[in-house]
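Report on the structure given below.
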């Protein structure tokens with residue numbers, strides 16, 4: 001069969017740029033598992049593939065092509081910058097930002113103009129990284145850009161210059177192993193660099209075949225990759241991979257970089273004063289964000305636990321991963337022991353944004369609750385956060401079980417479900433999302449029991465079935481000390497609240513079978529409330545065997561001790577945890593609240 005020669009592609013418009021980008025993006029997404037497995041630098045947390053895929057997936061999901069090359073380039077650059085994740089994701093986004101900034105207002109461009117823009121974009125990525133290291137993604141992008149620029153007059157066809165550039169790309173990629181000791185030790189190339197090579201390979205394949213129908217219709221499948229030699233784990237010095245998007249920055253990038261250097265390492269500052277994306281590894285994200293709030297409007301922040309990510313790759317205890325949200329109240333010791341993956345609910349005090357239990361701790365929260373004129377508002381974990389987490393976990397586990405707070409109290413459960421469905425299809429692995437129809441310590445008990453079932457070797461299907469039964473057997477009783485927080489949070493109407501305050505009534509809050517918050521009972525003071533709670537629990541304990549219980553409080557350790565002593569008397573067990581209640585829960589129950597959650601057999 002005679003092969004028909006392709007018509008040379010001498011000019012590229014916005015639509016062609018868009019589809020070539022999509023082709024490169026799909027190639028990266030297909031091979032994200034491989035990239036995760038060879039990720040050892042700068043931290044061996046096994047998420048480079050997940051981060052790159054997340055960075056570029058936003059373009060696939062949200063953008064449509066414009067006929068103008070410049071407009072499309074600007075849109076791709078902004079979308080990737082806003083959605084960039086991880087060191088490699090932000091470097092890649094900064095490279096695209098550099099390309100768009102160095103491109104004139106052209107509707108179409110030729111190879112020579114393209115070469116000028118990629119050559120000039122290299123300075124953007126080197127300036128963005130506080131301490132550039134050769135033998136990484138930086139080097140490979142630089143070598144490729146130099147080749148394109150040096151041969152801009154030799155080739156007029158985009159297809160030819162991209163195809164010929166693969167030789168230089170792969171040579172540069174192989175050399176990363178000899179330039180960085182950590183890569184040579186692990187016998188792998190740099191993961192970010194490999195991701196960029198995949199991206200260019202995807203573009204070249206599309207330019208060579210130009211099958212637009214196939215590109216649009218065929219869904220990218222995630223390739224299964226088993227690496228022969230496992231990477232050698234190293235100590236994680238900074239626990240949180242921390243990122244932020246700062247709009248209208250009041251300080252320049254060098255000053256911001258100097259600020260970040262006081263908190264950690266692996267610093268990347270990308271974008272412009274109008275919209276600046278930053279990346280830093282730190283142990284103190286709460287202190288960092290407190291300072292960053294003085295530098296502009298923080299439109300986004302995240303802090304991934306790299307110790308947990310490293311455990312997933314190098315110290316995975318079981319083949320089933322467990323996921324929950326930050327309304328799950330368990331001690332940090334139990335969370336670490338059972339390698340629970342926890343995504344934080346968002347909390348806002350006016351314009352200030354926080355991540356529950358990460359960039360704000362319970363003690364800090366209750367201090368702000370007392371002092372701040374703005375009442376805090378919580379926001380669900382979004383679908384994208386779950387997509388990123390599930391992509392990472394699916395790269396390393398056989399399956400995932402997620403258990404969340406009641407869908408009647410937050411949209412977090414729905415976000416998790418949508419992400420799970422998409423990633424389950426992409427990786428062809430089961431991801432089950434369970435509605436606990438509860439929260440706080442009650443959710444914590446369900447999560448803990450599911451984790452112990454994983455430890456005991458039960459199958460995914462068995463654990464899901466058992467967890468659904470445990471959901472029906474858990475109870476929580478919260479003794480509220482001051483109803484003003486219920487009124488301010490909108491859980492109690494102002495009229496009813498006024499009457500209750502006049503009568504000095506304190507409610508007992510619980511969760512009904514549907515997962516809705518209810519006033520279970522009431523009394524004239526908190527001590528009487530707590531006695532009532534123990535009366536209900538004593539009756540439950542007489543009728544059913546107690547599996548375990550958790551005692552919770554909102555800066556009221558005295559009430560927590562009273563509950564623990566009484567519970568130990570009737571159950572002959574100490575609480576599995578005694579914790580300061582999650583800020584998201586405490587926003588509604590208020591300072592001084594105390595609670596008991598128990599799970600019956």
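Answer yes or no: is there a residue in region 40-49 that is part of a helix (DSSP H, G or I), surrounded by 24 or more Cβ atoms within 10 Å (Cβ to Cβ) and at pLDDT below 95. The answer is yes, given that some residue of region 40-49 is part of a helix (DSSP H, G or I), surrounded by 24 or more Cβ atoms within 10 Å (Cβ to Cβ) and at pLDDT below 95.
Is it true that residue 451 is buried (at least 19 other Cβ atoms within 10 Å of the Cβ) and at pLDDT 95 or above? For residue 451, the condition - buried (at least 19 other Cβ atoms within 10 Å of the Cβ) and at pLDDT 95 or above - is met. Just to be sure, is residue 270 in a strand (DSSP E or B) and touching a residue at least 60 places away in the same chain (Cβ under 8 Å)? Considered against the rule, which asks whether it is in a strand (DSSP E or B) and touching a residue at least 60 places away in the same chain (Cβ under 8 Å), residue 270 comes out as yes. Does residue 74 satisfy the condition of being assigned to a helix (DSSP H, G or I), within 27 Å of residue 177 (Cβ to Cβ) and out of contact with any strand residue (DSSP E or B) (no Cβ under 7 Å at 6 or more places or on another chain)? Here the answer is no, as residue 74 does not meet what is asked.
If a residue counts only when it is within 20 Å of residue 472 (Cα to Cα) and within 35 Å of the chain's Cα centre (by Cα), which strands (runs of 3 or more DSSP E) contained entirely in region 534-601 have at least 1 such residues?
In region 534-601, the matching strands (runs of 3 or more DSSP E) lie at 546-553, 594-600.
The requirement of being touching a helix residue (DSSP H, G or I) at 6+ places or on another chain (Cβ under 8 Å), at pLDDT 95 or above, under 28 Å from residue 532 (Cβ atoms) and not assigned by TED's automatic domain parsing to the domain that holds residue 548 is not satisfied by residue 443. Hey, can you tell me all the residues within region 273-301 that are in contact with a helix residue (DSSP H, G or I) (Cβ under 8 Å, 6 or more places away or on another chain) and surrounded by 20 or more Cβ atoms within 10 Å (Cβ to Cβ)? Those that are in contact with a helix residue (DSSP H, G or I) (Cβ under 8 Å, 6 or more places away or on another chain) and surrounded by 20 or more Cβ atoms within 10 Å (Cβ to Cβ): 276, 277, 278, 279, 280, 281, 282, 288, 292, 301.
Yes or no, residue by residue, for (1) touching a strand residue (DSSP E or B) at 6+ places or on another chain (Cβ under 9 Å); (2) surrounded by fewer than 22 Cβ atoms within 10 Å (Cβ to Cβ); (3) modelled with pLDDT of 90 or more:
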{"site": "171", "(1), (2), (3)": "no, yes, yes"}
{"site": "175", "(1), (2), (3)": "no, yes, yes"}
{"site": "178", "(1), (2), (3)": "no, yes, yes"}
{"site": "182", "(1), (2), (3)": "no, yes, no"}
{"site": "193", "(1), (2), (3)": "no, no, yes"}
{"site": "196", "(1), (2), (3)": "no, no, yes"}
{"site": "202", "(1), (2), (3)": "no, no, yes"}
{"site": "211", "(1), (2), (3)": "no, yes, no"}
{"site": "218", "(1), (2), (3)": "no, yes, no"}
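Consider region 542-573. How many of its residues are in contact with a helix residue (DSSP H, G or I) (Cβ under 6 Å, 6 or more places away or on another chain) and either outside the structural domain of residue 591 (by TED's automatic domain parsing) or surrounded by fewer than 17 Cβ atoms within 10 Å (Cβ to Cβ) (or both)? Selection size over region 542-573: 1. Being in the same structural domain as residue 429 (by TED's automatic domain parsing), at pLDDT 95 or above, touching a helix residue (DSSP H, G or I) at 6+ places or on another chain (Cβ under 6 Å) and buried (at least 21 other Cβ atoms within 10 Å of the Cβ) is a description that applies to residue 463. Of all residues in region 125-141, those being crowded, with 20+ Cβ neighbours inside 10 Å and part of a helix (DSSP H, G or I) number 7.
Checking the structure you have, find out if any residue of region 147-170 is touching a helix residue (DSSP H, G or I) at 6+ places or on another chain (Cβ under 9 Å), outside any helix (DSSP H, G or I) and more than 26 Å from residue 209 (Cβ to Cβ). Yes, the conditions are met somewhere in region 147-170. Total residues in region 314-354 satisfying the condition of being in a strand (DSSP E or B), touching a strand residue (DSSP E or B) at 6+ places or on another chain (Cβ under 6 Å) and either under 18 Å from residue 292 (Cβ atoms) or modelled with pLDDT under 80 (or both): the figure is 5.
The values are calculated or read from the model by the stated rules, or taken from the named source; none is laboratory data. Since we're looking at a predicted model, the values are computed, not measured. So basically every Cβ, Gly included, is an ideal-geometry build from the backbone, and we count neighbours across all protein chains shown.
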